[in-house]
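Accompanying notes for the structure given below.
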Amino acid sequence: MKVSLFIPCFVDQFYPQVGVSMAQVLERLGCEVDYPPGQTCCGQPPFNSGYWNEARAVAGHSLKTFAKSEIIVSASGSCGTMMKVFYPELFKDTEQEFEARKIAPKVHEFSEFLVNILGVRDVGAKFSGTATFHDGCHGLRELGIKREPRELLKHVRGLELVEMAEAETCCGFGGTFSVKFPSISTAMGEVKCDSIAETRAEYVISNDSSCLMQIQGLLDRRGQKARCLHLAEILAQT
Amino acid sequence: MTAYAREFKRMAARYTSDLRHRGLIQRALKGYETKRDEYKGRYQNWSEARQAASEIKWEAINHLDRHLAEFITKIEARGTRVFVAGTGAQARDYIVGVAKQNRVRSIIKSKSMTAEEIGLNEALEHAGCTVFESDLGEFIVQLRREKPYHLVFPAMHLTRDEISRLFHDELGSEPTDSPEELTMIARRVMRKNYCAADMGISGANFAVAETGMISITENEGNARLSTSLPKIHIALVGIEKIVPRLEDLALFLPMLATAGAGQPLTCYNTLYGGPRQPGECDGPEQFHVVLLDNRRTELLADPEQRDALHCIRCGACLNVCPIFRNVGGHAYGTTYQGPIGSVITPHLRGLQDWKHLSASSSLCGACTEACPVGIDLHHHLLQNRRNAARERPSLSEKILYAGFVFIMRHPVLYRLSTRLAPVFFPLHRLVKGTFFDPLRAWTQTRDLPVPARQSFHAYWNDKMSNRKARHGGN
Amino acid sequence: MAATDQRNEVFARIREALRVPAPHRHAAPAHDAAPAPNDGPPASDAFRAWLPAVGPSLNDQLVMFAFNCNQLRTELRTLASLDEAAAQLALLARENNWRQIASHRHPLVLPLAEKLALPTLLTDDGYAIPDLERCHAAITGCDALVAQTGSILVSSGSAGGRALSVLPPHHVVIAQRSQLVPDLAAALALARERYAPNWPSFLSFITGPSRTGDIERILVLGAHGPKQLTVLIVP
């Protein structure tokens, strides 16, 4: 199966290991992986701020970049949602509406792709430690992904998964929200970190690096020891 | 930034730093969640029920003219006086007028957010009437001269100790730490007021078009007393409260209770179809229904967000909203708090003044998931942001995004910027967290990730050239 | 200044607003949702498939009604005869030290209330509010009992007016077994059959004794209405 990696801008720059791990896992599972080189940002920051003309300009670039891809696998549930759910809305009644509608069904979040498209549950990963899983809101509520990452983690040898009470509660990142309303964003993150602390897990795993940036930033500031890892980074361990 | 936005940010900062307050709200709502899930679990199919509720409200709102006209005809036929008010001021004037005409001095009121919306108590007090809030939570916040904290739980921000002190100071009661004793104190005070009131004022949860009745949902019995004993009953009803058929209530009443309060059904669900009818032994001599527009038609005129008028004011979206759970109800500065308030307030009170509430959301979608009538709440927040920026863009964001677009449309520039980040990162350490830190909004409370030495893009390029070299070597 | 009715203006605004149709959007999908296309809103019969299930037999429904009463803290007594009901009422009167009661002229209720031989206020011909407020208990009839929710449907006619069932601190309902209906939809249908188009001005579903959770979300019974609710089911 030919698969194009969609590595969002902040993953490219801050968490390249996530992309590396994704490529490893996908190649190990026999996918032919490519990385359309022109990719930059999905356009979510201006979109979420209400600047839809600007968002269309950036998103239009993505549409071109991925025009030839058959399957697009995103490292982030949120950026995947942007392409899958919001592009059709963003380009509604514009010239590019057709392209937006065409690309939407090709976009998959990583865990959902593995479980639902490749039909894999056990990727042969080994990782020792206790971990808790954070559901990124976009993945959870826009894409309906809840079971898939847990299925994959259940089959990782040596990993013990402990659910936190606030798994489905937003971490408070929310893109530009996190810097426009830092006090609220931080309070939300603190609720998340308290819930993580209750589980005594060593690792916090998610399928969204943007949430993990917020959570790790707070964990570090609060002196909590838990480390954040993207699902792909766990699945790549053998 | 408008004065409202500044005030919201100030209040949000104050409430989020109050850990005791946050703990109180989170604990109270945990209890609600457990009960709500238990009763939702008894439904054979909650999502189908939700779907049906959404469709019924769609029908009601999208044929509002027809259903409202039917409601008026039917309820007037039983001697009810209907007044249609275009604005809050017209509704207030009418109600004050009825009070004056009938020489009303004492008014007993059961909980109504619509009355809050139009500042009815203030208008009546200004006209020389005394207004007693009869719902326990409303009574408490009235004694504190505060606004309700939550659509459904007006006093959820207070502990029993605070309420005991309040009752001691205002009513002269003995201090107690028993919620039951506190409730009985309020009961005793209110009993006198019911019996002496000249007029009762209520809101309504539903208005049934086909039979011409209003439906009021409550637990305490205060609305029933307020609408049974006084000689005059005035119900203030938003025009969006319409449901087409009586039997629709068989669905809405239990869903409202389960979604809103974590109950299978609230204690009293009462239908009022007129004043005391011939052959009836009690009930008011006059029954007035005031139907209120107050810019609801502006929301109606926006087909994209028209479904926000489906709202049955259950409060479920507040209860699950992580913003509400951290800033609380008083930070919003609106009649309607939480996600539904953030969606509709810009329509009811001006987009530019209230757009900050739509911006103040992580768009997590917990509200939309919780809404029993399926309002697309968090997407409406996005649409409000778009409408606000389209109508009056901010210069700084315009400039910011112009630069952003330019870089993101040119992969070469984008990659250059990613190479610059590691260079700037050590410099950033010098100013981190200080006034000069451009990333201060983040770094004051959170650490920043360290930019990687090699971006994924660079990694992939290396990998590809190695692969080519290997293949070339073979 | 007298306010003038704005109905023409408001209706004009409504019609103008509705000129652009709204998308017939289905409820935003929760992940367990399976939105199905549908023509027009569903009928109330359809609700039964989604709301909490109610057993088909009368006995199922009695068991469910009893279960709900227990959860709601409604006292339920199922009695084999009218004499037993009278004895039960007498017991309640003794236990709760009733000295004056209120009731109404109801063929099932009044004979039982009269057997208590207590000073009894009848609301049928009107009453003074303070007199009713002084009564220790109200004994009323009802229109229906609802198994699904443990509710009692009352109306102006079936329960002696609006206030009788809510002002005294103890409300006793006398109902016949045959008055039990499965759910709210059935209760509303029954009310429609009985009253339409001459609806009473007041119809209410009473579901347990009056309650509040306004102080720290802790349940307290008897907020403003009755602290006790007793249902006596007679054959």
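All of the numbers you see were taken from the coordinates with simple rules; none came from a lab. Fair warning: this is a prediction, and the values are worked out from it, not measured in the lab. Every residue, glycine among them, receives a Cβ derived from its backbone with ideal geometry; neighbour counts consider all protein chains shown.
What the table below lists for this structure:
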{"item": "For region C:79-114 and region B:19-93, distance of Cα centres in Å", "result": "39"}
{"item": "Nearest-ten-degree value, helix C:7-17 long axis tilted from longest Cα axis of chain C", "result": "50"}
{"item": "Helix B:64-77 vs. chain B, principal-axis angle (Cα, 0 to 90°, nearest 10)", "result": "20"}
{"item": "Estimated inter-spin distance, B:Gln454 and B:Ala402, nm [label 7 Å along Cα→Cβ]", "result": "3.9"}
{"item": "Contact order relative to length of chain A, as percent, for alpha carbon pairs under 8 angstrom and 6 or more apart", "result": "20"}
{"item": "C:Leu145 long-range amide H proximity, modeled H, under 5 Å", "result": "C:Leu153, C:Leu180, C:Val181"}
{"item": "Cα gyration tensor shape of the protein assembly as shown, rounded if a/c is under 1.5, else prolate or oblate by comparing a/b with b/c", "result": "prolate"}
{"item": "Debye, to nearest 20: dipole size of chain B, +1 on Lys, Arg Cβ, -1 on Asp, Glu Cβ", "result": "2340"}
{"item": "Radius 11 Å from Cβ of B:Gly433, net charge of other residues (Lys, Arg +1; Asp, Glu -1)", "result": "+3"}
{"item": "Pairs from A:Lys84/B:Lys468; B:Lys9/B:Lys147; B:Lys355/B:Lys398; A:Lys84/A:Lys146; A:Lys102/B:Lys468 whose Cα-Cα separation, in the structure shown, is over 26 Å", "result": "A:Lys84/B:Lys468; A:Lys102/B:Lys468"}
{"item": "Region C:55-234 shape via C-alpha gyration tensor axes, a/c threshold 1.5", "result": "rounded"}
{"item": "Neighbourhood net charge (12 Å Cβ-Cβ; Lys/Arg +1, Asp/Glu -1) for A:Pro16", "result": "-1"}
{"item": "Two-site label geometry, B:Asp447 and B:Ser17: point separation in nm, points 7 Å out along Cα→Cβ", "result": "2.4"}
{"item": "Over region A:2-115: Kirkwood hydrodynamic radius from C-alpha pairwise inverse distances, Å", "result": "14.0"}
{"item": "Those Cys residues of chain B for which no other cysteine Cβ falls under 4.7 Å", "result": "B:Cys129, B:Cys195, B:Cys267, B:Cys281, B:Cys311, B:Cys314, B:Cys321, B:Cys371"}
{"item": "Relative contact order (percent, whole number), region B:47-294, Cα cutoff 8 Å, 6+ residue spacing", "result": "29"}
{"item": "Whole-Å distance, taken between Cα centres, linking region C:121-181 and region A:57-119", "result": "62"}
{"item": "Sorted by Cβ density within 10 Å, fewest first, the residues C:Phe47, C:Phe65", "result": "C:Phe47, C:Phe65"}
{"item": "Spherically averaged projected area of region B:87-154 from its Cα convex hull (nm²)", "result": "4.3"}
{"item": "Least to most buried among B:Lys100, B:Lys468 (fewest other Cβ within 10 Å first)", "result": "B:Lys468, B:Lys100"}
{"item": "Dipole moment magnitude, nearest 20 debye, region C:55-234 about Cα centre, only Lys, Arg, Asp, Glu C-beta charged", "result": "140"}
{"item": "Gyration tensor (alpha-carbon) shape descriptor, region B:1-87, a/c threshold 1.5", "result": "oblate"}
{"item": "Pairwise centroid distance, computed over Cα atoms, of region B:361-436 with region B:205-265, Å", "result": "43"}
{"item": "Using alpha-carbon coordinates, inclination of helix C:82-95 to the longest axis of chain C, degrees", "result": "80"}
{"item": "Residue among C:Pro169, C:Ala85, C:Ala117 farthest towards the positive dipole end of region C:55-234, charges placed on Cβ", "result": "C:Pro169"}
{"item": "Exposure proxy ranking, count of Cβ atoms within 10 Å, fewest first, for A:Tyr87, B:Tyr194", "result": "B:Tyr194, A:Tyr87"}
{"item": "Value of Rg to Rh for region B:1-157 (Rh from inverse mean 1/r over Cα pairs, i.e. Kirkwood)", "result": "1.04"}
{"item": "Amide N of region A:188-229 lying under 18 Å from the label point, which is placed 7 angstrom from the Cα of B:Asp437 along Cα→Cβ", "result": "A:188-190, A:213-224"}
{"item": "Long-range tail of P(r) for chain B (Cα pairs > 45 Å, %)", "result": "22"}
{"item": "Residue list for region A:1-15, given a label point 7 angstrom along the Cα-to-Cβ vector of B:Phe425 and an amide N cut-off under 16 Å", "result": "A:9-15"}
{"item": "Full-stretch length increase - B:Glu304, B:Gln44 - with 0.36 nm per residue and alpha-carbon distance subtracted", "result": "90.5 nm"}
{"item": "Value of relative contact order over region C:55-234, rounded to a whole percent, pairs C-alpha under 8 Å and six or more apart", "result": "27"}
{"item": "Computed magnitude of the charge dipole of the protein assembly as shown (debye, nearest 20; Cβ of K, R +1, Cβ of D, E -1)", "result": "2280"}
{"item": "Around A:Trp52: net Lys/Arg minus Asp/Glu count, Cβ-Cβ under 11 Å", "result": "+3"}
{"item": "Mean residue ellipticity (222 nm) of chain B, computed from DSSP H runs ≥ 4 via -39,500 (n - 2.57), nearest 500", "result": "-17500 deg cm²/dmol"}
